[in-house]
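Encoded as structure tokens, the structure appears first; notes follow it.
The values are calculated or read from the model by the stated rules, or taken from the named source; none is laboratory data. Keep in mind it's a predicted model, so treat the numbers as computed, not measured. Note: ideal-geometry Cβ built from the backbone for every residue, glycine included; neighbour counts use all protein chains shown. Note: areas computed on protein heavy atoms with side chains; ligands, DNA, RNA excluded. Shrake-Rupley method; radii C 1.70, N 1.55, O 1.52, S 1.80 Å.
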Amino acid sequence: MNLTGVGRRYGLGGPWVLRGVDLDLPAHTLIRIEGANGSGKSTLLRLVAGIDAPTEGRITGRRPRTAYVPERFPAALPFTAAGYLVHLGRIHGLRTAEATGRAQAWLARFGAADHARQPLSELSKGTSQKVAVAQALLAEPELLVLDEAWTGLDTAARDELDRGVAERVTAGATVVFVDHDPRRLAGVIDITHRVEGLGLVPVAAREAAYDAGPRVRIEVTGASGATLPTGLPGAPAQEPGPDGTLRLTVAAVHSDALLRSLLTARPPWHIRQLSESAAPEPTPRTEPSRIP
Ligand SMILES: Nc1ncnc2c1ncn2[C@@H]1O[C@H](COP(=O)(O)OP(=O)(O)OP(=O)(O)O)[C@@H](O)[C@H]1O
């Protein structure tokens, strides 16, 4: 799906919020949208999610199966947490049993299993937000749009959402997100755009890669002659490790999925050592002055 020359204004003759926006949404891609307060980020996400239509311009191509987490979750709906998730799952085309299983699994992943039977209107802000992100992930969408979805989540749930996003991208989805934390998913973002003026400008890869997030180092050995499976989560960097091991380095959000892939490979790989490694050094933005 592509946005071409898209513009949006609210009301007849209201000021333009966005104009001339071109945006590609390739599969397998994590896209960050940044910009100043009130610059039009949420407006853009609503257009991408199909919640809102452009005033001018075109959105072309097949609309992928889309899930959206709005900036504010409508908590006044007459459902329990699990009931809402199952309902949404069914809207996304899941059978009831499948939707129920996924609802339980996602509530558990976000540490909210105990709230499954509670009415949405009685949930705390943080738990409502867990339900809001669970409804989007449970659908396994091809396009996932997250507007400040981490806000209000506790640290463990924020990390879980990072992993959920990484899993979606590995599975081939496009994820577009806005978050006030500049370090959010740093190191795994493929493309960053900034809303500036009325348009969208690409942020240089060098700048976007700055401060790439934490990494995990995994030293593995395989059966003799075994080669690593292809398409491993997070496309880990490979180098020889100590004692005949192979050292894989991957962004921390991909480490659980990578471990799962290694342990379930046929034949399985053995994990010899697991350690956190510091984020890569930021790329210097200016050349160091030469010593005469
Ligand atoms: N439904 C609406 N009706 C009228 N004006 C709107 C509406 N939604 C947004 N706007 C206006 O559009 C502009 C961009 O708002 P938007 O929420 O898209 O920006 P944002 O970058 O997401 O802001 P923030 O960082 O504060 O969340 C603002 O001037 C806002 O007042």
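On a full-extension model of 0.36 nm per residue, what is the gain between Val201 and His28, subtracting their alpha-carbon distance, rounded to one decimal in nm?
Contour length minus the Cα-Cα distance gives 60.2 nm.
For Arg90 and Arg183, what is the calculated FRET efficiency with R₀ set at 35 Å and r taken between the beta-carbons, to the nearest 0.05?
Values: r = 36 Å, r/R0 = 1.04.
In this case the efficiency is close to 0.45.
State the extension gain, in nm to one decimal, for the chain segment bounded by Glu56 and Ile271, taking 0.36 nm per residue of separation less the distance between their alpha-carbons. Write out the running numbers ahead of the final one.
Numbers: separation 215, 0.36 × 215 = 77.40 nm, distance 5.39 nm.
Gain on stretching Glu56 to Ile271: 72.0 nm.
Quick one: which residues, 5 or more positions from Ala173 or on another chain, have an amide H under 5 Å from its amide H? H modelled 1.01 Å from N in the peptide plane, none for Pro or chain starts.
His28
At 7 Å along Cα-to-Cβ for each site, give me the label-to-label distance between Glu239 and Ala36 in nm.
A separation of 4.2 nm, rounded to one decimal place.
For the chain, modelled as a GNM with alpha-carbon contacts under 10 angstrom, which of Asp243, Asp179, Asp190 fluctuates the most?
In the Gaussian network model the winner is Asp243.
What are the residues whose amide H is under 5 Å from the amide H of Glu34, where those residues sit 5 or more places off or on another chain and H is modelled from the backbone?
Distant-sequence amide H within range of Glu34: His193, Arg194, Val195.
What longest range of the chain stays clear of loop-exposed trypsin sites (Lys or Arg not before Pro) (DSSP non-H/G/I/E/B, at most 15 other C-beta within 10 angstrom)?
184-284
Please report the antiparallel percentage of the DSSP beta bridges confined to the chain, to the nearest 5.
Around 65 percent of the beta bridges assigned by DSSP in the chain are antiparallel ones.
Under a 5 Å amide H to amide H cut-off, with H placed in plane at 1.01 Å, what residues pair with Leu200 once short-range neighbours are removed?
Sorted by chain and number, the residues that satisfy this are Asp22.
Could you do me a favour and compute the accessible area per residue for the chain, 1.4 Å probe, result in Å²?
Averaged over the residues of the chain, the accessible area is 52 Å².
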